[in-house]
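> One structure is given below, represented as C-alpha cells, and several questions about it will come after.
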Amino acid sequence: KKTVKTGVQVWKTPTDFHIRFVCGEPNMADIAAMKRKPDDVEIWKDNSVEIFLNPSGDRKTYYQLMVNSEGSLSDQKIVKLGATGKQDFGWNSGAVVKTEKQKDSWIAEIAIPLKSLPDLKEEFPANFTRNRILKTGSDYEALYIWSPFARGFHDLENYGSLTSEPDKSILVNGDFSM
C-alpha cells in the first residue's frame, strides 16, 4: 500500500509529558473521523493516533491514549494478564489535546500531566501508532506502528524504549569515531 509520512516528537516539562504527531495526508477531504464523547471505545475506527506508555518499565501496567483527527480523546489503563489485558476506561489521564488540520497533514498535540504517569522512569517502554482511515479508495485503511518488533498495537513485550538520557546512542560507533 502507498504509505504516508508520520512524525512523532516527545518531550517532558516540569509538569507534563508531551507528544506531538504530524500526520501527512494527501487526501485531507477524505479522512474519516467524528467528534466523540470522552472514552468512546470506538475511537480506534476513526482516522487517529494512539499512544502506549509503560512509565514504570514493568511491562505489565500501561496506559493507552487514542486521539482522532477531530480532537476527541479516549484513554485507559491496562494491566497485562498473559496474552490479554484488563482494561480500565475509568482511568483519566487529564490530558489536554489540540488538533489542527492543514492542507496536506493534520497535527495532534497531547500534554499528559506527569501526576497521571506514576513511577515514571528515565527510560521506559512506549509505542506510537497511526490509524489512517479514509472514507473511500483502495487504501481506505492503513495501520502504522513505531515499534519495529511489535506484532500488534498491544504487544507490550516488544515495544521500543524512550529515554531522557541526553545523547544516548543506540548504535555502536554511531558517531563514526572508531
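> Applying the selection to region 131-157, what residues are in contact with an Asp or Glu (Cβ under 8 Å, 6 or more places away or on another chain) and of a type outside the set (A, V, I, L, M, F, W, C)?
The answer is 131, 132, 135, 136, 137, 147.
> Of the residues 129, 99, which is under 17 Å from the mean Cα position of the chain (by Cα) and at pLDDT 95 or above?
Checking each option against the conditions leaves just 99.
> Could you identify the single residue in 140, 144, 159 that is at pLDDT 85 or above and among the aromatic types (Phe, Trp, Tyr)?
Details: 140 fails: at pLDDT 85 or above; 144 fails: at pLDDT 85 or above.
Result: 159 is the single residue among 140, 144, 159 that is at pLDDT 85 or above and among the aromatic types (Phe, Trp, Tyr).
> Determine, yes or no, whether residue 17 is surrounded by 20 or more Cβ atoms within 10 Å (Cβ to Cβ) and more than 19 Å from residue 154 (Cβ to Cβ). Outline the logic, then answer.
Values: surrounded by 20 or more Cβ atoms within 10 Å (Cβ to Cβ): yes; more than 19 Å from residue 154 (Cβ to Cβ): yes.
Spelling it out, residue 17 is indeed surrounded by 20 or more Cβ atoms within 10 Å (Cβ to Cβ) and more than 19 Å from residue 154 (Cβ to Cβ).
> Identify, by number, the condition in (1) under 16 Å from the mean Cα position of the chain (by Cα); (2) under 28 Å from residue 164 (Cα atoms) that residue 60 doesn't meet.
Unmet for residue 60, out of (1) under 16 Å from the mean Cα position of the chain (by Cα); (2) under 28 Å from residue 164 (Cα atoms): (1).
> Turning to a different aspect of this structure: Could you please let me know if residue 7 is touching a residue at least 24 places away in the same chain (Cβ under 8 Å) and surrounded by fewer than 21 Cβ atoms within 10 Å (Cβ to Cβ)?
Against the criterion (touching a residue at least 24 places away in the same chain (Cβ under 8 Å) and surrounded by fewer than 21 Cβ atoms within 10 Å (Cβ to Cβ)), residue 7 does not qualify.
> Considering each residue of region 88-147, count those that are closer than 18 Å to residue 160 by Cα, open to solvent by less than 20 Å² (accessible area, probe 1.4 Å), part of a strand (DSSP E or B) and of a type in the set (Ser, Thr, Tyr), and give that number.
1
> While we're looking at this one, here's another question. If you go through region 38-49 one residue at a time, how many are closer than 24 Å to residue 120 by Cβ and surrounded by fewer than 22 Cβ atoms within 10 Å (Cβ to Cβ)? Reasoning before the result, please.
Restricting attention to region 38-49, the residues satisfying the condition of being closer than 24 Å to residue 120 by Cβ are 38-39, 49.
Going one step further and asking which of them are surrounded by fewer than 22 Cβ atoms within 10 Å (Cβ to Cβ), we end up with 38-39.
Total meeting the criteria: 2.
> Could you say which residue among 73, 81 is over 12 Å from the mean Cα position of the chain (by Cα) and either surrounded by 21 or more Cβ atoms within 10 Å (Cβ to Cβ) or free of Cβ contacts under 8 Å to residues at least 40 places away in the same chain (or both)?
The conditions single out 81.
> Within region 3-37, how many residues turn out to be aromatic (Phe, Trp, Tyr) and at pLDDT 95 or above?
Step one: list which residues in region 3-37 are aromatic (Phe, Trp, Tyr), which gives 11, 17, 21.
Next cut, at pLDDT 95 or above only: 17, 21.
Qualifying residue count for the region: 2.
The values are calculated or read from the model by the stated rules, or taken from the named source; none is laboratory data. Just so it is clear, the structure is predicted and the values come from calculations on it, not from any experiment. Glycine gets a Cβ as well: all are built from the backbone with ideal geometry, and neighbour counts include every protein chain shown. Ligands, DNA and RNA are excluded from the accessible area calculation, which covers all protein heavy atoms including side chains. Shrake-Rupley method; radii C 1.70, N 1.55, O 1.52, S 1.80 Å.
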